[in-house]
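The values are calculated or read from the model by the stated rules, or taken from the named source; none is laboratory data. Everything numeric here is computed off the predicted structure, so don't read it as measured data. Glycine also receives a Cβ, built like all others from the backbone with ideal geometry; neighbour counts cover every protein chain displayed. Heads up: the accessible areas ignore ligands, DNA and RNA and are worked out on the full protein's heavy atoms, side chains in. Shrake-Rupley method; radii C 1.70, N 1.55, O 1.52, S 1.80 Å.
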Amino acid sequence: MSPSGDKIMKYLNIGCGLLMILFAGVQYNDPDGLLWVAIYLVPAIWAGILAFRPHLIQNTLPFGLLGLSAAAELIGVLYYWPTTPGFWRQDVWWNTETAREGMGIMIAAVVVLIALATAVRNRAAAHKAG
């Protein structure tokens, strides 16, 4: 990847990680808040690693764990997919927790997939250079 591409992915992962930390932080009054803190912090951790210590994902075990996290988030998307009609409209998700949860896990899945894409590109570049 080009140096500018590396910077873009770094800043994208930083932004995504901060967003997930913010999401985790607003779970303080949710009855199942600890579950959602975990759902949001896992992508935040991966995004942080890929932003600041991407070499840690070069080995098979951490890369596999990242892939497992991505699979778990995608399964979560299927499980928490909102059944409320028009769940994406503000007047719906503002009042319906299941719509907010479904959209939250969709965003978390996107963050993990961005981290996974970054790791795949980094591994490919390392393999090409090596």
**OP:** Specify which of the listed residues (V42, V26) is open to solvent by 40 Å² or more (accessible area, probe 1.4 Å) and in contact with a Ser or Thr (Cβ under 6 Å, 6 or more places away or on another chain).
**Re:** V42
**OP:** Tell me which of these R123 doesn't satisfy, since it passes every other one: (1) at pLDDT below 95; (2) assigned to a helix (DSSP H, G or I); (3) more than 22 Å from I8 (Cα to Cα); (4) of a type in the set (D, E, K, R).
**Re:** (3)
Original post:
Using beta carbons and a limit of 7 Å, which pairs, at least six apart or on different chains, have the first residue in segment 64-79 and farther than 18 Å from V37 by Cα and of a type outside the set (A, V, I, L, M, F, W, C) and the second one open to solvent by 30 Å² or more (accessible area, probe 1.4 Å) and in a helix (DSSP H, G or I)?
Top reply: G67/L116
Original post:
With respect to V37, is the statement that it is open to solvent by less than 50 Å² (accessible area, probe 1.4 Å), under 18 Å from L18 (Cα atoms) and without any contact (Cβ under 8 Å) to a residue 60 or more places away in the chain true?
Top reply: yes
Subject >> Unique residue being closer than 21 Å to L18 by Cβ, part of a helix (DSSP H, G or I) and either of a type in the set (D, E, K, R) or free of Cβ contacts under 8 Å to residues at least 24 places away in the same chain (or both) when the list is L116, L56 >> reply: L56
